[in-house]
Structure formats: structure tokens, C-alpha cells
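Down below is the structure, laid out as C-alpha cells.
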Amino acid sequence: MNYNFQEIEKKWQAHWASQKTFRASENSDLPKYYVLDMFPYPSGAGLHVGHPLGYIASDIIARHRRHLGFNVLHPQGYDSFGLPAEQYAIQTGQHPAKTTTTNINRYREQLDRMGFSFDWDREVRTSDPSYYRWTQWIFLKLFESYYDLDADKAKPIAALILRFEKEGNKKVKAHCDPETPVFDAAQWNVFDLLEKQKVLLHYRLTYLSFTEVNWCPALGTVLANDEIVNGVSERGGHPVTKKKMRQWSMRLGAYANRLLEDLNDLDWSDALKEMQKNWIGKSVGANIYFKIENHPEKLEVFTTRPDTVFGVSYMTLAPEHTLVKKITSVDQQKAVEGYIEKVAGKSDRERQADVKSISGVFTGAHALHPFTGQRIPIWIGEYVFAGYGTGAVMAVPSGDQRDFDFAIHFGLPIINIFKGKDISQGAFSDKENFVLTHSGFLEGMDYKSAMEKVIYELEYQKCGEGTVNFRLRDAIFSRQRYWGEPIPMYFKNDIPIPLPEACLPLKLPDIEKYLPTEEGKPPLGRAKKWAWDEAQQEVVPNNRIDHQTVFPLELNTMPGWAGSSWYFNRYMDAQNKKEWAGQEALKYWKNVDFYMGGSEHATGHLLYSRFWQKVLFDLGHVDQKEYAKKIVNQGMILGNSAFIYRKKGTHTYVSKGLVGDNVVEPIHVDVSMVNAQDELDLDELKQWQQDFQHAEFVLENKKYIVGREVEKMSKSKYNVVNPDEICDTYGADTLRMYEMFLGPIEQDKPWNTAGISGVHNFLKKFWRLFYHQNDWSVTDTPPQTESLKILHQTIKKVSVDLDRLSFNTCVSTFMICINELTALKCSNKSILEPLLVLLSPFAPHFCEELWERLGHTQSIAFAPYPVYDASKIIEKTKKYPVSFNGKMRFTLHLSLDLGVEDIKEIVMKETQTSDQLKGAAPKKIIIVPGKIINIVV
RNA sequence: GCGGGUGUGGUGAAAUUGGUAGACACGCUAGAUUUAGGAUCUAGUGCUUCACGGCGUGGGGGUUCGAGUCCCUUCACCCGCACCA
């Protein structure tokens, strides 16, 4: 009987599916364990071998936990709203729902071939109305909430209204827009309905406002900060500009501090935590108010170095700062306007590209120093951002390099406030090893005491206060797209009103073209008829059936991250039709114990989803303030691209070794046409693309050798390896083990099929322990001590390595184990059976089959984990390194039960005959128990 | 510039607390057996030397009887953030 992986894998995949072997249930006395993968976006290209890497690792964890006696929840689904399906729809007119379904089916087929133990009864699709009705529901929950700073949590907006009715908003401490008007109870109570709604918008956790957004003209939509990479859109690499638009936003900033603080309790990698910390960007400092000469308003700046306030020699405002227009003097007007125009014309990318050149212009106005009363010129400069702090800085050239450079460039004064420090070459920006001078009441102080003193004085003199600033911005939530969740809102006199919950889901209407309308409205503006819930038709206002429309609906859709911000909770009760998830299920599964996914989501999904969880926590919908206790980032599997070299301007291709001084253009060729020795199959190439039929190939040793380069796997680079092919040739179990064997799970690594035979051979070898020369060879005889030792060593090593997530060494351990058992010709049932359980998370089909052949009727998936027995592997002897005067040495194998005196005696005897001592007696023998024997001669 | 990470054979990589560096696998070299379907088995394989030996974990220095592992310093590469006040 040979190892027929194709038959075996097909059989068990069908069996698991029909028996629903991995269906999870809340009715269990076992402890729960929730293993989650980041659900995929089902792209048209299908899966390549890189995608399953994380799924395999998490599946091993899930299966391992089942053996350990946990009730495991291991779901999977699809993040099925997104740009590519819509772009495809624009090109082809094909409805995104249709492409999405096709892609999902393809994904499912591929996933099913790899033997994952998913509970498919809990599948979610973010683009399915039965799912996104609850995404819309959560949106409404955020809309109906505000952030109470006294309680430091979100509360229902109804509570806020009650307070307004009683006492107005003067005493209300809440996270709200800076331009929120102040009113008392009497004023509130006479506001009309719309006015009240306007006020409340300043408080709601999801709100509508005019904001400067990242506009991507090519995609025709707004992008979030994390969707922009190096100044261009993450998807497609299109340029991005600034634009003011009326947009939905989420008050992410309200949670900045909690998102930062709660990181401490999470078992995430340092890299991941650092990325989030960085993104949140907390900085402690002070706001300082400067009076402006001949102007009623004050100029407020944020600084992390209020201790250097006596070194201020000028101020800089962001070009967009609202004060600029008000304070600019008549004779500077032209210069300022010209400068602003120049800056506004630059794209983000251009602005980022030349960070070195210094630009700015004087406004003609002066501020007054709060402590010295000195006149300080006010400049504007590009290096100051409107969006950070107050959009204005106090410039201290002696303590900040940028201020220094700016001062030198424009010939502004530099006040050295650091005693004895040379600042002729650059600023002194350390926070240590200095004392202040020329600094009034801070004279002679160091950083720490100056900080305390200056903040005290600022607050005492009412010209500033200590404060904390975050880099984290509120999240813009509107997208001018079709293929996303409709926002369940309509407008009355331009004031947004939520749809009643009973109207959810507000379904995506069909439209003819997936492009903005002629008036520039989002694609949804084309909808003639909205597909709302049939039973609720009357309640839903329609936006454009003839011209009798009363209430227009919101035409923007939600961003990609909406659906993925809560799906982990939906899995707990995925089929619930009445609630977003039932409390019973939520309380049972609590949170994710093991979350596997890519680190590219560090500042996107992983931040937004924590935010939503915290809001839902505050509002009492979940009882976990963090949803993912542990996250592991799998590395990326890279492609090993192949290139041929075309002589420039010709149709001649030279083999890699003959390129020499030729000017050549490397051209990608499909990696499937290249063998392990980098030799290209020219016949295949000519069939692959007609162009090559008549090309000339210059060979070396009668072969065409390609160049190789490691790149991201992608269709356009022809370096994609399809897992289906691997499953056909070697089987899913081999693929699973090989992907784990490739290297540490968190490391990026290029794919290389060459090594896969080693893993495949291992399975065949293991099979042969069961079938010796085609005959079943398993015996019931008592095992040899040697075999027992190997078994228990393996149990121990694999257990420890699984805890360390060192999957690659687990595979090696299995190989060593089987090599040794083969050498011993071991076929004992009592050895092989526990090994199958141990191996089954890695090679589930293989183990399930042999488990059945051993006579079991229950799935191996729930077989108890083998018990480790230390007594089976305890060594009788131990190694003792022996050194002479700390120089030379040899190793003694000594019995464990020896005492110190016994050891000394043996060492004496040994050393007498040793060359090292040449017969002389050692002066002293030092024995460190369990470590070393040091002999002093 | 700031933060995080990685440097070990021809290749992917191992090496709990410092204790025989290179396990395991690929590849390669011999040989055996069998020859059909990507077969199996045995031996060898860090570099260097005919050999004894010497040298070896990016470089330099240190601690230690002993360092891939700890400390200092330096270089290279990767990732994230970045005129963030």
C-alpha cells in the first residue's frame, strides 16, 4: 500500500464537510479557545502559496488546542466589499456582487483543498445584507453616542441632551469639535429641532463636517491616512491632493489615549505595538498663548519644549492657519498671498519630496512674549502643519534644528539659552546635560525642573497650560464609491437623520454605471430605486424617484475597514437574525485568543477595530475592551521572479551568464517554465507568448539560464505559484508541512519549490512504518525503551516548540523522530498512535487516514494529546566539560547520582592518564554542579 | 533623523538558562539496488591542509575557564514613521 495522498485527502475533506466535524458550539464544558485569521479579500487572481501561510499556522494552533481539550472556535469568511471589484465593474459593467461571488467560490475551492478545520457554518461576507445590516446598526450606535471626558467613556447622546436641557453645555466635558458653540439651558430649550441636531453633531462619535480630506481624483474618492503610501494611493498608486469636503468622520481621537494605554495589556509583538504607538503619536508639552500686537485674538502654539520659551525669536504659522489672513500687514499681503498660492498648488507628494528646501514668508505682524513682552515676528512656513497641534509653532532656533535652519536661512535672531553650549553649527536639542540661561525665572534650571516651573507659571499667569497632543486624527468615514455599505442616513434641511433601525438593512441599490454622476455626486446618486427592506418600504425616504423626493438619502458609502472592524464578534453568533450577536455567545467566546494576520494592517484594521470594540464596550454591547489578546504576524512569502535579457533595441535574448557588457532589458517570464537549475524551457516560452516565436536566443552550454530576483508575488510579475498545483503533485499535507518548514513563521521568505521533496519523503517514510513492503506492519508488542525515548522526546520538543510558535523546528523534530524509528524498525502501535495525534495538526488527512486504519471510529481531531512521560527519556549520564587552568578541556560523561567527592575521584583518575597533566597531580579541582569541572594545575 | 528587526555552509535554516556551532532539509559527490513514472538505501559534504593541525556565526574590541548567545563599538540590509513643533 502506497501513500496515496490524492485519494486520502479527497476522502477526508468530504468526510469533514459532510460530518461538520469542526462545527463549534457554545454548549460545552470545555474551556474555549478562539483562533482567528484575518479574513481575505476575495480577489480575482485566486490564492497563491503565500496566502495560506498564516491559515496553516493558525489551523495548526486550532487543531492542537482541540487535542489539548479546548472547545475551539475557528471561523473563516470574506472581506468582500472593496475597490478592485468596483474597478472591474467600471471596466466591464459586471455587477460587483457577481464578480465577488465568483471569486469567493474560487477561494472556497482552494481553501477546501488544504484541509483547514474551519467552521463554515459561521462564514461571514461583509457585502451580504444580512451582515452589513449590523455594520449599519453599529454606525447608528456611534451616531447616537458621544464621548464623556469625566467618565472617560462613550455614552448615549440622550444623556447629553438631558444635561443640555438642565444646564446647557458650559460644564459638559466631552470630546467635541473645537467650533462647538457655548449655550445655557434656556438657549438650548428654545433651539429648534434642526438647530439642536446641528449642535449635537459636534458631539456625536460619528459626525458630519467639512474637513480637509485626501482626495484621489483617479479613484474618485477620499482616502484615509493609512490608505496613502508615500503620497500616493495604496491601491493603484494614484496621486492624492487635499480637498475640503463635507464628510462623515469617526471620533477616533477621543479614544487616542485608551488605544495607547491598553496596548500594555496585549500580547502583541513589540513591532506591532510600536507601530500603533507611533501612529497615535502622543506628545506631552504645553499650549502657550501669545498676544498679537494690534490684534484682539491670541496666537496659540503647542510645544513639547515649553522650557525653552525664553529662546523664542520668531513664530511660524502653517500657511492654512486661520489667523494668517487676519494679521498679515498691508505691505506683506502680496508676498503672503503669493506664498500661500504656491504651497496650495503642491501635491502631498511634492511637499514630501522636498523636505530639505526651506521656504517661508514674513506676515508683517508681531506677537508679544508672554513673559518678557518682547516683540516676536510672525512668519508662515511650509514646515508647519495645519493638522498637528494648533498649526502654529514658537520657534526656538537654539533648541530645534528646523527652527535653526529657518532662522539661518532668513537671517532671524538666535538666542542661545543653553549655558556653555556651542550652537554655531546647529541646535542643541537634547533634553539632558544642560542648564538654561538668558531664561528669566528659569535661569540655571535643567530640563525637568524648568518644565515643571514653566507650566506652573503659564497656568498661574493664564497664558498657557500643560497639555497632551496626539498625532492620531479622526477617521474619515465617507467614500464616494458604490461597492460598500450604504450609510443609513437621510437629510432634512441638510441635517442628517438616522434611518429607523427597523429599516435596516438599507440595501445597495442597483445602478447602471459605477461612476460618479454628471453633477459630481457619488455613484449612488444614479440609483433610481433603493432596495430597502421590502416590508419597510414606506418608511424609507427615497432620494430620486421623480421630483417629489422629500428627503435625500446619504449617497456616500462606508470605507473598507467598516465591515472588518467587528467581524470577529459576528463569528461568535454568525447566523443570528435578531441581533448583531447574542449576548450569550458573546459572553461565552469573549475575545480572540489567537489572531493571525499580516502586519500591514497595524495602523488600519487593527486600530479601527480596537476603536469600535471600545465603543461597543462603553455602550455595554460587549464585555471585552480588547478583542484580540494575542496577535501573530506571519511573514510574507515572496516570489522568485525569473528574467530573460533582451539586448536593447533587438529581438535577441542572451542567457544570464552572457550578459556581460551588453545593454539589456530584463523581462519577466513565467516561473513555471523554469526548472530548479534556472534553465528556461524555450519551447514553452514560445508557446506562452507569440512574440518569442521569432526571437533569437543566445545560449550558454546549450541552455538558456534565467536571472532571478525575489519580489512580491503577483500575477503581473509571472512569479505566482498556485497552491493547487502543489496539492496535485505532493498533496495538501506536504504543502502544509513544507510551508511551515520554510522558516520562522514571522519572517518574510521567498518561495522555492525545490526543497519540498524532503517533506514529502518524510510522509512517505512515516507511511512505511505502517506498511512494510505493502503489508500492514503495526504490532501490539511492548515497545523498546529506545523507541519510547524517541516518542517522549518528540512529544516534549513538539509541545515546547508549538508554544513558541516555532513550527519549522516542529517539522524537523518529526523528521528526526521518524528517521530514528525507521532505523529501529519500530512498528509498535503504542509508539505510532500517539505520534499520529502529535502530527495531525500538521498533516491532518494523513493522520486521519492512518488513525482510521488503526481501528478508530472517531476523528483523530479530538483525540487527547499524548501524555509526556519524563521518566522515559531521562539520561543516566551527564556531560561535564573539564578545563585545565581554564584552557584545555575534554568532556566526561558521568553518572547522574554521583556526589561531588565521587566526581573528584573520577576526575583525579582520568587526569592522571591524560596528556594534559603529564602525570602531575592537580592542585585544585573546582566543581560547579551541573556546569563545569575546572582543574587548577 | 526616530523606532523595530535581521546578519550563521552552495541554499532554507537549527542551537531553553553562555557549554562539542551548522541539527533537520534541499543541493552536491560516490556507491548499492531497482530500473520506469518523479523510487529506495548506504556513505560523505563549513573553509583550509597530503596530513598533524589551523580558521570559522557581518567587522573590531571586552567580560568569562568557555560567547552565535552577554556588554561596548562599527558596518550592511529589511520594515514602519517622518519638516509632528
- request: Exposed loop GluC sites (Glu not before Pro) only (DSSP loop, at most 14 other Cβ atoms within 10 Å): please give the longest stretch of chain A free of them, not including the sites.
  value: A:1-178
- line: Here the gain from full extension of A:Lys244 to A:Phe191, 0.36 nm per residue of separation minus their alpha-carbon distance, amounts to 16.2 nm
field: List A:Phe290, A:Phe428, ordered by accessible area with a 1.4 Å probe, largest first
entry: A:Phe428, A:Phe290
- line: Residue by residue through the stretch A:489-496, the couplings from Karplus 6.51 cos²θ - 1.76 cosθ + 1.60 with θ = phi - 60°, in Hz, x for Gly and Pro, are 9, 10, 10, 10, 6, 6, 9, x
query: Quick one: putting +1 on the C-beta of Lys and Arg, -1 on the C-beta of Asp and Glu, what dipole do you get for the stretch A:558-680 around its Cα centre, in Debye to the nearest 20?
result: 280
- line: In nm, the gap between the two label points placed 7 Å beyond Cα toward Cβ at A:Asp623 and A:Ala159 is 1.9
field: log10 of Debye I(q)/I(0), alpha-carbon scatterers only, for the stretch A:727-772 at 0.17, 0.28, 0.30 Å⁻¹
entry: -0.52, -1.05, -1.12
- prompt: Name the residues of the stretch A:585-613 whose amide N is less than 18 Å from a point 7 angstrom out from the Cα of A:Asn27 along the C-beta direction?
  reply: A:585-589
statement: Checked against a 25 Å limit on the C-alpha separation, the offending pairs among A:Lys507/A:Lys630; A:Lys242/A:Lys326; A:Lys173/A:Lys462; A:Lys243/A:Lys291 are A:Lys507/A:Lys630; A:Lys243/A:Lys291
- prompt: Hey, what did the stretch A:1-80 get for relative contact order, percent, Cα under 8 Å, at least 6 apart?
  reply: 42
task: Kindly state, to the nearest 0.05, the FRET efficiency for A:Ser357 paired with A:Thr304, given R0 = 30 Å and r defined as their beta-carbon distance.
output: 0.75
query: For the charge dipole of chain A, defined by +1 on Lys and Arg C-beta atoms and -1 on Asp and Glu C-beta atoms about the Cα centroid, which residue among A:Thr241, A:Leu160, A:Val435 has the Cα displaced farthest towards the positive pole?
result: A:Val435
task: State the Cα centre-to-centre distance between the stretch A:267-298 and the stretch A:103-149 in whole Å.
output: 35
field: Rounded D (µm²/s) - the stretch A:286-404, Kirkwood Rh over Cα pairs, Stokes-Einstein at 10 °C, 1.306 mPa s
entry: 110
statement: With all protein chains present, chain A has a carbon and sulfur share of its accessible area (1.4 Å probe) in percent of 50
message: Quick check on chain A: of the DSSP beta bridges with both residues there, what percent are antiparallel, nearest 5%?
response: 80
- line: Checked the stretch A:553-599 with the C-alpha gyration tensor, a ≥ b ≥ c its square-rooted eigenvalues, rounded below a/c of 1.5, otherwise prolate if a/b is larger than b/c and oblate if not; verdict oblate
statement: With the dipole of the stretch A:592-660 defined by +1 on each Lys or Arg Cβ and -1 on each Asp or Glu Cβ, the option from A:Gly597, A:Gly660, A:Leu638 whose Cα lies farthest towards the positive pole is A:Gly660
- request: Report the relative contact order of chain A, percent, no decimals, based on alpha-carbon pairs under 8 angstrom and at least 6 residues apart.
  value: 13
- request: Using just the alpha carbons, could you tell me how many Å³ per residue the convex hull of chain A encloses?
  value: 288
field: Average accessible area per residue (Å²) across chain A - probe 1.4 Å, nucleic acids and ligands excluded
entry: 46
field: Rough spin-label spacing in nm, given labels placed 7 Å along Cα→Cβ, for A:Ala17 and A:Lys173
entry: 5.9
message: Rounded to the nearest 20 debye, what is the charge dipole size of chain A about its Cα centre when +1 sits on each Lys and Arg Cβ and -1 on each Asp and Glu Cβ?
response: 880
statement: What the Cα atoms of the stretch A:360-431 span along the principal axes, largest first and in whole Å, is 33, 26, 23
statement: Expressed in square angstrom to the nearest 10, the accessible area of A:Arg163 with a 1.4 Å probe stands at 70
message: For a distance above 16 Å, tell me the whole-number percent of Cα pairs in the stretch A:141-201 that qualify.
response: 40
- line: Taking the reciprocal of mean 1/r across every pair of different Cα atoms in the stretch A:675-774, the Kirkwood radius in Å is 16.6
field: Length added when fully stretched, A:Lys630-A:Val867, from 0.36 nm per residue minus Cα-Cα
entry: 82.7 nm
- line: Kirkwood Rh over alpha-carbon pairs of the stretch A:310-366 plugged into Stokes-Einstein at 25 °C, 0.890 mPa s gives a D in µm²/s of 195
task: Express in nm, to one decimal, how much length is gained between A:Gln6 and A:Lys712 on full extension, taking 0.36 nm for each residue of separation and deducting their alpha carbon distance.
output: 251.1 nm
query: For the pair A:Gln773 and A:Gln677, how long in nm is the line joining their label points, each one 7 Å along Cα→Cβ?
result: 3.6
query: Does anything in the stretch A:548-592 have its amide N under 19 Å from the 7 Å Cα→Cβ label point of A:Lys528, and if so which residues?
result: A:548-550, A:553
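The values are calculated or read from the model by the stated rules, or taken from the named source; none is laboratory data. Just so you know, these numbers come straight off a predicted model, no measurement behind them. All Cβ positions, even for glycine, are placed from backbone atoms using ideal geometry, and neighbour counts span all protein chains on display. Heads up: the accessible areas ignore ligands, DNA and RNA and are worked out on the full protein's heavy atoms, side chains in. Shrake-Rupley method; radii C 1.70, N 1.55, O 1.52, S 1.80 Å.
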